[in-house]
Amino acid sequence: MKAGTFFVRVWRLMSIVGFLLALFSSYISYPDQVTVRFDDLNHPIQTINRETIFYLAIAIFLINNTLINLVGRLFLRVPTNQIPMPNQDVWAAHRPKLDNVFKTWFSLLMSAINTVLGLGLLVLSFLNRSDRPIRSIEYAWLLPLSTIILIAVIASLPIRLFMKPGDDD
């Protein structure tokens, strides 16, 4: 097993465990009405019931993992000549390696979405704690980090497809 494939498998497992831990720990710490929007003076503008957030997060998690896994499995059945990619002739001769690249990338995408969802639940939990003042600057890292994670994952597939499959893959 290659190091990249191992990393993706570990990240996927850790993202699932991390999401579940974030889900249950945040659910326990949420008040009955969870504030999801604040005004400039940090007064609550909009609240949502904590059960709604819990079930919505579970639905997103299940849809993400089920649909991306399904698309990943179905994608392996697409003929090589119908996949729009660079180096088509080179990859056509190495279909098992190409399948591995796409299988790994779909797992990477699932992991990224699980990670962003788990981090979002944790930040929402931290913002609704009554023992600390609300300072949005402390949580301003979530949007840039989530964006970087998703862009890196999305950009990794074209970058990998531009590379030629090596004999040591």
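Quick notes
- Converting phi to 3J(HN,Hα) with the Karplus coefficients 6.51, -1.76 and 1.60 and the offset θ = phi - 60°, segment 100-107 yields 5, 4, 5, 4, 5, 5, 5, 5 Hz in sequence order, with x at every glycine or proline.
- Sequence of F19, F6 from largest to smallest accessible area, 1.4 Å probe: F6, F19
- Debye intensity ratio in log₁₀ form over the Cα atoms of the chain, taken at each q of 0.11, 0.18, 0.21 Å⁻¹: -0.58, -1.11, -1.39
- Listed values for segment 51-60 are Karplus-derived 3J(HN,Hα) couplings in whole Hz (6.51 cos²θ - 1.76 cosθ + 1.60, θ = phi - 60°), namely 5, 4, 5, 4, 6, 5, 5, 5, 4, 4, and x replaces Gly and Pro.
- Residues whose amide H lies under 5 Å from that of F38, counting only those 5 or more places away or on a different chain, are I45; hydrogens are built 1.01 Å from N in the peptide plane.
- Cβ-derived FRET efficiency at R0 25 Å, I148 paired with L67, nearest 0.05: 0.60
The values are calculated or read from the model by the stated rules, or taken from the named source; none is laboratory data. Quick caveat: nothing in here was measured; it's all calculated off a predicted structure. Using ideal geometry, Cβ is built from the backbone for each residue, glycine included, and neighbour counts are taken over all protein chains shown. The protein model used for the area step is the full one, side chains on, heavy atoms only, and it has no ligands, DNA or RNA in it. Shrake-Rupley method; radii C 1.70, N 1.55, O 1.52, S 1.80 Å.
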